[in-house]
Amino acid sequence: MSRYFDIGDETLWNPSDGAARLFLRQVAVFEAELGLPSGLGRMENDECQVDPVAFGVFTNSLLARHRRTGHSVLLALSEGFVATVLVLAGRAGVPVDWAGLEAVPDGPLRDVQASARTGMSGPAESGTWAAELRARAAELGRGMPR
């Protein structure tokens with residue numbers, strides 16, 4: 001069995017049941033963390049409709065939050081989810097504000113990691129951060145069937 005994430009009649013992603021369940025559980029976690037709806041509807045009859053406007057707001061907010069952290073554990077826990085969201089956003093035609101994200105993070109840093117050896121961590125270098133995230137999303141997208 002598989003599930004469908006669609007905008008209208010266009011399928012953005014057709015994952016297995018297990019991948020869809022885990023992804024939707026992660027969506028709920030990040031909706032709570034961001035305080036925003038994701039734009040992903042309820043899974044009904046193995047189909048989930050995506051609202052591209054709400055999904056765009058969610059995607060850009062998720063990326064901005066991801067950009068403002070330098071905490072290695074949080075980055076490790078969220079990187080795959082963020083890359084998956086980027087693939088879906090690209091397929092949905094959702095604009096991503098890469099120029100704004102590549103600049104020095106706007107607003108306070110979040111979840112900064114302190115280490116006795118290295119001191120306080122900050123976000124990754126802007127060009128490196130964006131390039132690595134885009135490469136991860138491109139790699140992941142090749143394995144995400146429509």
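Determine, from the Cβ-Cβ distance of residue 1 and residue 61 and an R0 of 35 Å, the FRET efficiency 1/(1 + (r/R0)^6), rounded to the nearest 0.05.
0.65
Pairs of alpha carbons in region 10-56 separated by more than 17 Å make up 31% of all such pairs. Amide hydrogen proximity for residue 13: with H placed 1.01 Å from N in the peptide plane, the residues at 5 or more positions away or on another chain lying under 5 Å are 5.
Bear in mind these aren't lab numbers, they're just calculated from the coordinates by the rules spelled out. These figures come from a predicted structure and were not determined experimentally. With ideal geometry, Cβ positions are generated from the backbone for all residues, glycine too; neighbour counts draw on all protein chains shown.
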